[in-house]
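Quick note: the coordinates plus some simple rules give every number you see, no bench work behind them. Treat the numbers as computed from the prediction; the structure is a model and nothing was measured. Note that we place each Cβ from the backbone using ideal geometry, even for glycine, and neighbour counts take in every protein chain shown.
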Amino acid sequence: MESDALWYKDAVIYEVHVRGFYDADGDGAGEFRGLTLKLDYLADLGVSAIWLLPFYPSPLRDDGYDIADYGNIHQAYGTLDDFRMFLEEAHRRGLRVITELVLNHTSDQHPWFQEARSSRTNPRRDWYVWSDTPDRYKQARIIFTDTELSNWAWDPVSKSYYWHRFFNHQPDLNYDNPAVREAMWEVMKFWFAMGVDGMRLDAVPYLVEREGTSCENLAETHEVLRDLRQRVDAEFSGKMLLAEANQWPRDVREYFGNGDQCHMAFHFPLMPRMFMAIKLEDRKPIVDILERTPEIPASCQWGTFLRNHDELTLEMVTDEERDYMYDEFARERRAKLNLGIRRRLAPLMEGDRRRIELMNGLLMSLPGSPILYYGDEIGMGDNIYLGDRNGVRTPMQWNGGWNAGFSSADPEQLYSPIISNPIYGYQAVNVESQRRFDHSLLSWMKRLIRLRKSTRVFGRGAIELLAPENHRVLAYVRSLGSERILVVANLSSQAQAAELDLRRWKGAIPIEMFGGNLFPPIGDAPYLLTLGPYQFYWFRLRRL
Ligand code: BGC
């Protein structure tokens with residue numbers, strides 16, 4: 001594996017839930033042994049890092065984001081030895097591993113909370129946030145609006161209220177308590193020392209609470225991060241911290257600090273705007289948000305994504321934009337969840353291969369390291385009739401046989417039903433059938449990932465937006481050193497022509513990257529390109 005400490009800048013990350021990938025022991029749910037058996041698939045796909053959803057002991061009331069023990073593996077997913085084996089096998093294939101650090105809250109089943117609630121004088125009492133009234137921190141919004149009415153929950157044992165930003169069974173830890181910070185550092189050390197390469201810091205804006213504020217993005221929270229980063233840097237090298245901060249770009253910017261907090265942060269506001277742009281058939285939403293995206297320190301990187309294990313969140317859009325997104329992408333009431341839409345990429349694109357390719361083509365060429373959600377590389381569907389976000393967490397579809405090749409268990413025993421409708425069902429959408437054809441989505445995704453990785457421009461280069469008169473066309477130049485890549489994308493459902501002002505690169509020859517074919521050299525005249533519906537080009541600009 002390359003030893004470059006900035007590996008995350010060139011990474012293509014694959015997000016996967018160990019439970020949903022491959023069930024090797026036939027009990028109806030995936031486990032580390034199963035995931036290990038599928039590492040060749042991921043290596044062949046071409047991704048360079050795997051981000052795992054939480055796999056720790058947990059009552060699984062929030063699919064593992066409710067942790068009951070930070071130092072072990074949920075028995076349904078295997079043992080620590082299975083995890084070590086998985087890590088070693090991933091590394092052997094050059095794949096890095098990113099795990100979840102759920103530092104804002106624990107499960108109410110965690111022994112820390114059990115002790116803390118046992119009496120008001122317990123030494124662990126101060127590890128959580130307590131109050132005699134539910135009236136404190138009134139300005140903090142509720143995140144899981146479909147299930148929670150308050151951020152305070154009544155604890156009948158110690159007869160007081162505890163603070164929780166997510167489900168009421170997920171009490172928030174108290175980061176004003178140095179013992180909590182020490183405990184979380186011990187957790188980080190344990191996994192990093194084992195060889196984990198990076199951690200996604202779940203729900204990181206909410207660590208610290210202060211009266212009279214929104215209790216998000218507080219200076220004290222950033223102080224906690226700076227402290228953890230310093231410790232990571234002092235003891236380890238080449239590790240990466242990824243902030244999950246669903247905030248506006250200027251607020252997310254703070255999570256990079258001066259390169260002394262997180263290495264990466266998700267670009268939440270860009271994501272819904274990519275969907276808006278393709279619906280509006282207009283580049284404006286993407287251009288606007290890129291223009292509002294501040295510069296970040298050289299060692300830092302955005303994490304970009306189209307879909308993930310949660311609902312497609314619409315927190316970072318205006319009310320009008322949210323209404324528009326619901327109208328266009330969630331006409332069925334059941335598709336909505338909290339402030340978002342619980343659908344996968346392919347159904348959001350109405351199964352349209354051209355739009356799926358275009359969205360991925362943008363994802364892989366815009367600034368940042370792209371994160372793919374398992375199953376989206378074959379265009380898997382979802383099931384909005386399952387509760388919460390479970391409809392986008394169904395078993396991976398490996399083939400058209402028994403349980404989609406995911407498990408040998410009885411179908412009734414599976415942790416979740418498999419998608420089986422005629423359009424996205426496993427008989428139609430699965431890895432094995434797509435492997436057979438060069439033109440399947442899977443084969444195309446492999447080519448896209450390979451091209452993306454053929455250069456460092458996409459991960460490390462600058463972006464310059466072009467402004468062709470035709471606003472249905474998005475065009476930008478990525479550049480690093482003397483390398484230039486021109487991206488031109490037709491966001492509309494109809495053929496378009498665009499004239500690009502490329503005079504600065506006069507004399508260069510655009511080479512279309514998928515086919516390697518030469519296009520006419522750039523001269524003084526506006527460079528004319530025609531594009532079919534939802535078509536996009538990546539051109540290397542080669543000077544003669
Ligand atoms: C995760 C969710 C989880 C929540 C609470 C999030 O940001 O992505 O899946 O429910 O944190 O831990």
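Using the Karplus curve 6.51 cos²θ - 1.76 cosθ + 1.60 with θ = phi - 60°, work out ³J(HN,Hα) for each residue of the stretch 529-536 in order, rounded to whole Hz, and write x for Gly and Pro.
Values, residue by residue: 10, 10, 9, x, x, 6, 7, 9 Hz.
How far is the Cα center of the stretch 42-121 from the Cα center of the stretch 283-323, in Å?
Computed from Cα coordinates, the inter-centre distance equals 27 Å.
Helix-derived [θ] at 222 nm for the chain: sum -39500 (n - 2.57) over DSSP H runs of at least 4, divide by residue count, nearest 500?
Estimated from H runs of four or more residues: -7500 deg cm²/dmol.
Using DSSP to define loop residues, name the trypsin sites (Lys or Arg not before Pro) in the stretch 226-263 whose beta-carbon has at most 11 other beta-carbon atoms within 10 Å.
Loop-located and lightly packed - none at all.
Going down the list LYS336/LYS446; LYS38/LYS453; LYS336/LYS453, which pairs span over 24 Å between their C-alpha atoms?
Going by Cα-Cα distance, LYS336/LYS446; LYS336/LYS453 fall outside the 24 Å limit.
Taking Cα centroids, how far is the stretch 442-489 from the stretch 351-393 in Å?
Here the two parts' Cα centres lie 20 Å apart.
Below 8 Å between Cα atoms, with a sequence gap of 6+, how large is the relative contact order for the stretch 1-91 in percent?
The normalised contact order for the stretch 1-91 reaches 27 percent.
Once amide H atoms are built 1.01 Å from N in the peptide plane, which residues 5 or more positions from GLY26, or in another chain, come under 5 Å H to H?
Close amide H contacts, sequence-distant or interchain: SER408.
Using every pair of alpha-carbon atoms in the stretch 111-163, split the distances into 5 Å bins beginning at 0 and state the percent of pairs per bin, rounded to integers.
Percent of Cα pairs in each bin: 4, 21, 27, 20, 17, 10, 1.
For the stretch 195-270 and the stretch 512-544, compute the distance between their C-alpha centroids and round to whole Å.
40 Å
Alpha carbons only, please: Rg and Dmax for the chain, in angstrom.
Calculated on Cα positions, Rg and Dmax stand at 23.5, 78 Å.
For GLN247, list long-range residues whose amide hydrogen, built 1.01 Å from N in the peptide plane, is under 5 Å from its own amide hydrogen.
Amide H neighbours of GLN247: PHE268.
Give the Rg/Rh ratio for the stretch 260-346, taking Rg as the radius of gyration of the Cα atoms and Rh as the Kirkwood radius, to two decimals.
That ratio equals 1.00.
How high is the relative contact order of the stretch 365-502, in percent, counting Cα pairs under 8 Å that sit 6 or more residues apart?
For the stretch 365-502, the relative contact order is 19 percent.
Against the 2.2 N^0.38 Å scaling, with N counting residues, where does the stretch 1-91 land? I'd like the Cα-based Rg ratio to two decimal places.
1.12
What lysines could a cross-link reach from LYS159, if we take a straight Cα to Cα line under 21 Å and drop same-chain neighbours fewer than 8 places away?
LYS138
Under the rule of at least 5 residues apart or a separate chain, name every residue whose amide H is placed under 5 Å from the amide H of MET199.
Answer set, sorted by chain and number: THR99, MET240, LEU241, LEU242.
What distance in nm lies between label points placed 7 Å from Cα along the C-beta direction at ASP40 and ARG456?
Those two pseudo-labels are separated by 3.2 nm.
For the stretch 461-542, what are the per-bin percents of Cα-Cα distances with bins 10 Å wide, up to the bin holding the maximum?
19, 55, 25, 1
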